[in-house]
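This report refers to the structure that appears directly beneath it.
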C-alpha cells in the first residue's frame, strides 16, 4: 500500500515540485539560522581567552574610576606579582576622508600595555607620541603603519600621532577600544579596571576575596580570571541564543506559509486520486492503511525537502557569515547536529501535520466512488467554518474594545494584542466566504469589459472558494506581517517626529554627536554659548538610569535640562516646570504605576540617586527621554560631562546656525543640524531595521508565490478535459493562457488586499498596545501598500507563466478522451 503511494509520488514528481520548494526554503531558513548563530558563537570563543589575568577589579557603570592609590593598594595584596591599570577614555579617530571612524568615541581610547588583551597584527607597540589602531577601524580610516592620524580628545583638543601598529583585541567584557596610546596619560591618570597577576603558587580566590574587602561592592566588581573567561563564553552563547531565537521567529513564519501550500497541495492531490483511492479500498485496503499511506507519502516528501533544505541552509549560512564578517576576520563555520536535526524535524513534522486533514479525507473515500466517472469529492458546506470565523473575530473585537484606553497595564496590553490575533485568525477562517462574497460581484463587473479570457479566469478563481482561500492564506500571512510591521514602524517614526517637533523649536540649531547617545566633548556647551548671536542655550543630557517606585525598580531614560531652556516637553497633565519636580512620559508613568504627585527615586549610578516628585506628564515615547529633571538637581559629573545634544536659538536663526557651524567646522565629532535633521537621524536607523524585517518576512511571500504556481499547475491537471473541450470548440492558445493568467492575478490580488487590510489593522493594534497611543492614531504606510499591491500583480503574472504555458499546449484529442 505504502509502496504504491510512493511509486505514484515518484511517477508524478511535477505535482509536488513547488511543495518541495516550499519545504526546502522553510527548512533552509531554520538550518541557516542555526549555522549562523553557532558559527558566530564559535568565532567569538575562538578569539582566545586571556590567561594572564589572575584577578580583575573594575568599576561599576557610572561609578568613580580607580585611582593610582587604589592600584597601589591592590598591588600590595599578598600573592600579587603585578598590577596593571587599564585607562578608558574619549578618543575620536579621524580618517583620511576627514570623517570620524564609526565607533563610540567616549569608550574608544585606552593605553597600550604588555598584557595579552592586545594581539599585534602589524607593526610594533606604540611609544610616546604614537598609537596603535584596531585593525578593522584602521582599514575604515584608511590608515596603515607609519601614517600620521588625528585623534580628538574629550576636551576638544586634537593630537596628531604616528600609527606604530595595528591590533585585534581580546575582551573580558569591556568594550573593544579603537586606539591605544603609547602614553596612557593622554587619557588621564585614573583607571576603569585594574588587572592583577598572581605569583606562582598564590591562590587567586584568596587574592580576589582580599580585593573585595578593600572596596564598596556597589561601585567595584571583583572577578577572577577564570570567572571572566567563563562569563565571556556565556556571553557568546547567550548572544548566539538571542539571535537564533529572533531569526527562528521569521523561520516559523516561513514554515507557516509553507504549511498552507502543503495542505492545499495534498488536498488537491487527494481529490485528483479519488478513484485510485476508492479502488484501493475496493480491493481490501482499510481506512487506516490509506491514512497511513498518505502520511508516509507526506513524510517522504518532507524528508527529501528537509535534505535539500539542510544543504541550502548550510550554504546560505556560510554566505551570510562571509558577507557580514569584517575584512580579514576568520570564520569558524560550525555545523551542529542539533541544527540539522531540528531542520529535519521541522520539515518532516510540518509536512505531515499539513497533510493530516487530507489523509483523513482520503481514508473516508468509499469503495463505491471508483464507479463514478467524476471521482471528485462533493463540496463541503462552509457554514461551520464561517461561524467559527465570525465568533473568533467577534471575540477579538470585544477584547480590543475593552482595552481602548491609552494607559494600559501589562495584562491589558496582552489582551489587546490577543484581540488583534483573534481577528486575524477569524479572517483566515472566513477567507472562503469572503472570496465568494467579494470575488463574484467583482468578477461580474470585470467580466463585462475583460472579454472571454477574463470571464473564464475570474470564474475559475471562485468556482472553489475553499481552494482559493487556501492558496491565498500564505500570501495573507506574509503580507499581513509585512504591512503590520510597516504600520507599526510608520506610526513610531511619525510619533517620534511629532515628539521632537513638539519639544524642539523649529528655529533651533541642534548640535549633536555623529554617534547616537554619545556624550559630546566637554568644551562643546561652552563653545556654543560663546557664539555671537546666541541668546538661549540648553542641553539634553540623555542617560540610562533606573527608577524606583512603590518598592519596584525598572530601567528608564532621563535627561537633565535647564528649566528656562529650549527643550520643552509636550505636557499632557500637570506642569512642565522641572524646578518643581520631574516630568515623566504618560506611558512610562502607567508602566510603573505612578501619577502626578507621587514620589520616585532615580538611580543615576550605584553611588548616586535623586528622589523627586512627579509634577507633570508629557507625551513621551521610547527613543526620547522619559524623565525630565532640573539640571540643578543632578551632580556636576552629570552636567557638562554628560551632554548629548545642545540646542541654541537667537534673534537671527540663520546667523546662529552659520556661526555655530563655523565654530565646529574642523570638528568631525560634532554635527551641526536643525530640528528636521534630528528627526531624519532619529528615524534612519529604525527604518534600516524595518527594511531588514521586510526582507526576512519576504521569504514567506516567496513561498506563498510558489504555492500559487503549484495550485495553478495542479488545477490545470484537474481541468485537462475542460481545457481540451475549450480548445476543441475554438479557443486558441492565447485565450487559454490569458484565462490562466487572469485567474492567477485575481487570486494574488485577493490575497494581497486581504493581507494588507489585516496587516494594517493589526499594526494599528500593535502600536496601541506597545506605544500607548490611541488605536486610531496609526500612520498608514502608503509606500509599502502600493509596493505590495503592485508586487501581487507581478507575482500573479509570473506565477501563471508555467501553468498557462502547460495549459495552452494541452493536446486536444488526448484531453477530451480523458476519463
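The values are calculated or read from the model by the stated rules, or taken from the named source; none is laboratory data. As the structure is a computational prediction, the values presented were derived from the model and not from experiment. In this analysis, Cβ positions are derived from the backbone assuming ideal geometry, glycine residues included, and neighbour counts consider all displayed protein chains.
Taken together, the residues in the stretch 383-400 that are surrounded by fewer than 19 Cβ atoms within 10 Å (Cβ to Cβ) and touching a helix residue (DSSP H, G or I) at 6+ places or on another chain (Cβ under 8 Å) amount to 9. For residue 556, indicate whether it is in a strand (DSSP E or B), surrounded by 15 or more Cβ atoms within 10 Å (Cβ to Cβ) and without any contact (Cβ under 8 Å) to a residue 40 or more places away in the chain. Here the answer is no, as residue 556 does not meet what is asked. Taking the stretch 202-215 as the range and being touching a residue at least 24 places away in the same chain (Cβ under 8 Å) and either within 40 Å of the chain's Cα centre (by Cα) or more than 20 Å from residue 63 (Cα to Cα) (or both) as the test, the residues that pass are 202, 203, 204, 206, 207, 210.
For residues that are part of a helix (DSSP H, G or I) and either surrounded by 15 or more Cβ atoms within 10 Å (Cβ to Cβ) or outside the structural domain of residue 253 (by TED's automatic domain parsing) (or both), tally how many sit in the stretch 329-348.
Step one: list which residues in the stretch 329-348 are part of a helix (DSSP H, G or I), which gives 337-348.
Now restrict to residues that are either surrounded by 15 or more Cβ atoms within 10 Å (Cβ to Cβ) or outside the structural domain of residue 253 (by TED's automatic domain parsing) (or both): 339-340, 342-344, 346-348.
Within the stretch 329-348, residues that are part of a helix (DSSP H, G or I) and either surrounded by 15 or more Cβ atoms within 10 Å (Cβ to Cβ) or outside the structural domain of residue 253 (by TED's automatic domain parsing) (or both) number 8.
Only one entry of 525, 496 meets the criterion of being over 35 Å from the mean Cα position of the chain (by Cα) and in a helix (DSSP H, G or I), and that entry is 525.
Got a sec? Which of 165, 127 is farther than 21 Å from residue 523 by Cβ and part of a strand (DSSP E or B)? Don't jump to the end; show me each part of the working.
Numbers: 127 fails: part of a strand (DSSP E or B).
Testing whether each residue is farther than 21 Å from residue 523 by Cβ and part of a strand (DSSP E or B) leaves just 165.
Find the residue count for the stretch 675-704, including only residues that are within 23 Å of residue 649 (Cβ to Cβ) and touching a residue at least 24 places away in the same chain (Cβ under 8 Å).
Of the residues in the stretch 675-704, the ones within 23 Å of residue 649 (Cβ to Cβ) are 675-682.
Then keep just the ones that are touching a residue at least 24 places away in the same chain (Cβ under 8 Å); that gives 675, 677-679, 681-682.
Qualifying residue count, the stretch 675-704: 6.
Taking the options 142, 146, name whichever one is surrounded by fewer than 21 Cβ atoms within 10 Å (Cβ to Cβ) and under 16 Å from residue 100 (Cα atoms). Before the answer, list the steps.
Values: 146 fails: under 16 Å from residue 100 (Cα atoms).
The unique qualifying residue is 142.
Looking only at the stretch 53-77, residues that are assigned to a helix (DSSP H, G or I) and either buried (at least 20 other Cβ atoms within 10 Å of the Cβ) or in contact with a strand residue (DSSP E or B) (Cβ under 7 Å, 6 or more places away or on another chain) (or both) come to 4 in all.
Report those strands (runs of 3 or more DSSP E) wholly inside the stretch 589-704 carrying at least 1 residues which are within 30 Å of residue 549 (Cα to Cα) and modelled with pLDDT of 85 or more. First the steps, then the outcome.
Numbers: elements: 599-605, 608-618, 627-630, 645-650, 671-674.
By residue number, 599-605, 608-618, 627-630, 645-650.
Across the stretch 78-93, the number of residues qualifying as more than 31 Å from the chain's Cα centre (by Cα) and either within 17 Å of residue 200 (Cα to Cα) or assigned to a strand (DSSP E or B) (or both) comes to 11.
Residue-by-condition table, conditions (1) modelled with pLDDT of 80 or more; (2) surrounded by 14 or more Cβ atoms within 10 Å (Cβ to Cβ); (3) under 30 Å from residue 497 (Cα atoms):
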{"position": "778", "(1), (2), (3)": "yes, yes, yes"}
{"position": "782", "(1), (2), (3)": "yes, no, yes"}
{"position": "792", "(1), (2), (3)": "yes, yes, no"}
{"position": "801", "(1), (2), (3)": "no, yes, no"}
{"position": "805", "(1), (2), (3)": "no, yes, no"}
{"position": "808", "(1), (2), (3)": "no, yes, no"}
{"position": "817", "(1), (2), (3)": "no, no, no"}
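Which of the numbered conditions does residue 349 fail, given that it passes all the others? Conditions: (1) over 21 Å from residue 268 (Cα atoms); (2) out of contact with any helix residue (DSSP H, G or I) (no Cβ under 7 Å at 6 or more places or on another chain); (3) at pLDDT 85 or above. Result: residue 349 fails condition (1) only.
Give 749, 685, 774 a once-over and let me know the one that is surrounded by 20 or more Cβ atoms within 10 Å (Cβ to Cβ) and under 37 Å from the mean Cα position of the chain (by Cα). Please lay out each step first, then the result.
Numbers: 685 fails: surrounded by 20 or more Cβ atoms within 10 Å (Cβ to Cβ); 774 fails: surrounded by 20 or more Cβ atoms within 10 Å (Cβ to Cβ).
Exactly one of 749, 685, 774 is surrounded by 20 or more Cβ atoms within 10 Å (Cβ to Cβ) and under 37 Å from the mean Cα position of the chain (by Cα), namely 749.
The single condition among (1) in contact with a helix residue (DSSP H, G or I) (Cβ under 7 Å, 6 or more places away or on another chain); (2) farther than 24 Å from residue 121 by Cβ; (3) part of a loop (DSSP other than H, G, I, E, B) that residue 201 does not meet is (1).
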